[in-house]
1. Cβ-Cβ below 9 Å, separation at least six or inter-chain, first residue in the range 92-111 and surrounded by fewer than 19 Cβ atoms within 10 Å (Cβ to Cβ), second of a type in the set (Gly, Ala, Ser): which pairs?
2. Considering only the range 24-49, how many residues are open to solvent by less than 50 Å² (accessible area, probe 1.4 Å) and out of contact with any Pro (no Cβ under 8 Å at 6 or more places or on another chain)?
3. Condition test on PHE52, is it aromatic (Phe, Trp, Tyr), modelled with pLDDT of 90 or more, within 23 Å of VAL129 (Cα to Cα) and open to solvent by less than 20 Å² (accessible area, probe 1.4 Å)?
4. Based on this model, can you work out whether ARG121 counts as at pLDDT 95 or above, over 19 Å from ARG40 (Cβ atoms) and surrounded by fewer than 22 Cβ atoms within 10 Å (Cβ to Cβ)?
5. Pairs needed: first member in the range 62-91, on the phi < 0 side of the Ramachandran plot and among the small types (Gly, Ala, Ser); second member anywhere, open to solvent by less than 30 Å² (accessible area, probe 1.4 Å) and not in a loop (DSSP other than H, G, I, E, B); C-beta distance under 6 Å; at least 6 residues apart or different chains.
6. With the requirement that a residue be closer than 21 Å to ALA104 by Cβ, open to solvent by 20 Å² or more (accessible area, probe 1.4 Å) and among the β-branched types (Val, Ile, Thr), what does the range 55-76 give you?
7. I'd like the residue in the range 136-146 that is closer than 22 Å to GLU109 by Cβ and hydrophobic (A, V, I, L, M, F, W, C) and, out of all such residues, is modelled with the highest pLDDT.
Amino acid sequence: MQVFVGSLPRKQPVRLGCLMSIIFRTEVKDGVLLVTSSGRDDSLEDVLHYGFSVIETAVSAGVTRVLCDERALEYTLGTTATYQAAQLIAERAPNVARVAIVCAPSFLEKGKFWETVAVNRHLHVRVDVDAERAMEWLKKGSPAAK
């Protein structure tokens, strides 16, 4: 089992408390990249760095399914930055076939907006507040099934 901690996908753990506002830990388990994140998405740059790092980690690990547990992550981006983040991350994620994101109920509306933008750019993603339901969706069908 490989475990990554921090802001960059590396083969060795990175210290928590880096300069980014989003702190995350990744682990590959049963063919799924599990991502647990916390903090705040203070800027578009932070969100892109986080998203691109998750994509790079999935590709490096050879997995096509990703579960992001973002229940401890505060969504603070405005509508325009959220749109841009979803657009750019979806364009960068062609090898990641299926992504489930679990967010706090208070951020579901923002999460669903992100989902809509990303799905419209052909990323197979689902945002939910229930981790079990998200994992069920992630595992059902083929990796690229909707």
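1. If the second residue must be of a type in the set (Gly, Ala, Ser), the pairs left are ARG92/GLY51; ASN95/ALA58; ALA97/SER142; ALA97/ALA144; ALA97/ALA145; ALA104/ALA72; ALA104/GLY111.
2. 17
3. Considered against the rule, which asks whether it is aromatic (Phe, Trp, Tyr), modelled with pLDDT of 90 or more, within 23 Å of VAL129 (Cα to Cα) and open to solvent by less than 20 Å² (accessible area, probe 1.4 Å), PHE52 comes out as no.
4. Judged against the criteria, ARG121 is not a match.
5. What qualifies is ALA85/VAL47; ALA86/VAL117; ALA86/ALA118; ALA90/ALA118.
6. Of everything in the range 55-76, just one residue is closer than 21 Å to ALA104 by Cβ, open to solvent by 20 Å² or more (accessible area, probe 1.4 Å) and among the β-branched types (Val, Ile, Thr), namely THR76.
7. Looking at the filtered set, the residue picked out is TRP137.
The values are calculated or read from the model by the stated rules, or taken from the named source; none is laboratory data. Keep in mind that this is a model prediction, so the values were computed, not measured. Neighbour counts run over all protein chains shown; Cβ positions are idealised from the backbone, glycine included. Surface accessibility is based on the protein's heavy atoms, side chains included, excluding ligands, DNA and RNA. Shrake-Rupley method; radii C 1.70, N 1.55, O 1.52, S 1.80 Å.
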